[in-house]
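Trainee: Here it is, the structure, as structure tokens.
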Amino acid sequence: MAQKPQRIFIVDDHQMVIDGINLMLEGKCDFAVVGESRQPLIVLQLLENTPVDILITDVGMPEMSGVELSRAIKNKFPHIKILALSMFGDSQIIAEMIDAGISGYILKNAGKKELVEALTKIADGQNYFGQDITLQLMKSFKRNQEETKLTDREIEIIRMIEKDMTTREIADTLFISERTVETHRKNILHKTNTQTVVGLLKYAYERKII
């Protein structure tokens with residue numbers, strides 16, 4: 001890690017959380033808290049005049065979400081690394097924060113040791129995700145894999161849909177009822193997380209199903 005202390009900026013709508021982080025970093029010569037704010041809407045303005053290396057942000061804030069703030073910061077200050085802090089390890093929110101460009105994610109029940117470890121790794125250019133967060137991501141990944149595992153029959157129907165075949169034509173070709181075809185269609189849309197034929201075909205093209 002660099003010899004100079006990493007400059008830390010804290011964003012959370014609860015002063016108690018900000019004070020807690022300050023207390024945990026007190027006496028740590030590798031880190032220096034240079035700013036804090038309970039109002040995410042003014043953070044970009046504050047960063048204009050406050051050199052920052054790592055920003056710690058809450059995920060769920062009333063004025064502006066951690067996702068929105070992270071995207072805005074990475075767009076305007078791409079060099080600033082972001083550590084997300086949350087009460088919950090919801091896989092969807094974690095994924096959105098990762099997509100927004102964060103370098104780490106820990107829960108608010110993390111202790112001093114984990115906070116320092118996360119900041120140290122992020123300062124060194126690595127990513128850090130707490131054990132609970134990693135477990136949640138793994139469960140989500142496994143669940144998504146199971147949901148998107150298309151059967152041979154479903155792939156066959158997708159290819160027929162791509163040929164613009166009607167439900168009746170698909171049913172006649174496969175010697176099944178139209179109702180069964182519709183059931184397959186619903187299952188396919190659910191597994192691929194799509195809502196329209198256009199969305200389904202885009203999904204299929206991207207994954208070389210058709």
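The values are calculated or read from the model by the stated rules, or taken from the named source; none is laboratory data. Just so you know, these numbers come straight off a predicted model, no measurement behind them. Note that each Cβ is placed from the backbone with ideal geometry, even for glycine, and that neighbours are counted across all protein chains shown. Note: accessible area is taken over every heavy atom of the protein model, side chains too, but ligands, DNA and RNA are not part of it. Shrake-Rupley method; radii C 1.70, N 1.55, O 1.52, S 1.80 Å.
Trainee: If Lys and Arg each add +1 and Asp and Glu each add -1, what is the summed charge of the other residues whose beta carbon sits under 11 Å from the beta carbon of Ala32?
Mentor: Spelling it out: positives minus negatives among the neighbours equals 0.
Trainee: What lysines sit close enough to Lys186 to cross-link, taking a C-alpha to C-alpha distance under 23 Å and skipping anything fewer than 8 places away on the same chain?
Mentor: Output for Lys186: Lys142, Lys149, Lys163, Lys202, Lys208.
Trainee: While we're here: Provide Rg and Dmax in Å for segment 1-98, with only Cα atoms included in the calculation.
Mentor: In order Rg, Dmax, the Cα atoms of segment 1-98 give 13.0, 37 Å.
Trainee: Net charge near Gly125: determine it from the other residues with C-beta under 14 Å of the C-beta of Gly125, scoring Lys and Arg +1 and Asp and Glu -1.
Mentor: Overall, the nearby charge balance is 0.
Trainee: Further question on the same structure: If you count the DSSP beta bridges with both ends in the chain, what percent of them are antiparallel, to the nearest 5?
Mentor: 0 percent
Trainee: Let me ask something else about it. Using DSSP to define loop residues, name the trypsin sites (Lys or Arg not before Pro) in segment 52-156 whose beta-carbon has at most 10 other beta-carbon atoms within 10 Å.
Mentor: Filter output for segment 52-156: Lys149.
Trainee: Straight-line reach from Lys112: which aspartates and glutamates have a Cα under 19 Å away, not including same-chain ones fewer than 8 places off?
Mentor: Asp12, Asp19, Glu26, Asp30, Glu36, Asp58, Asp124, Asp132
Trainee: Roll a 1.4 Å probe over the protein chains and send me the accessible area per residue for the chain in Å².
Mentor: 59 Å²
Trainee: Here's something else I'd like to know. Measuring from centroid to centroid over Cα atoms, what is the spacing of segment 46-111 and segment 167-210 in Å?
Mentor: 38 Å
Trainee: If the cut-off is 21 Å between C-alpha atoms, which lysines fall inside it for Lys113, apart from same-chain ones fewer than 8 positions away?
Mentor: Lys4, Lys28, Lys81, Lys121
Trainee: In the chain, what percent of the accessible surface is made up of carbon and sulfur (1.4 Å probe, ligands and nucleic acids excluded)?
Mentor: Carbon and sulfur: 51 percent of the exposed surface of the chain.
Trainee: Quick one: Debye curve from the alpha-carbon atoms of the chain only, equal weights, vacuum; give me log10 I(q)/I(0) at q = 0.10, 0.15, 0.19 Å⁻¹ to two decimals.
Mentor: One equal scatterer on each Cα of the chain leads to -0.57, -0.87, -1.23.
Trainee: A further question on this structure: Add -39500 (n - 2.57) for each DSSP H run of 4 or more in the chain, then divide by its residues: what number comes out at 222 nm, to the nearest 500 deg cm²/dmol?
Mentor: -15500 deg cm²/dmol
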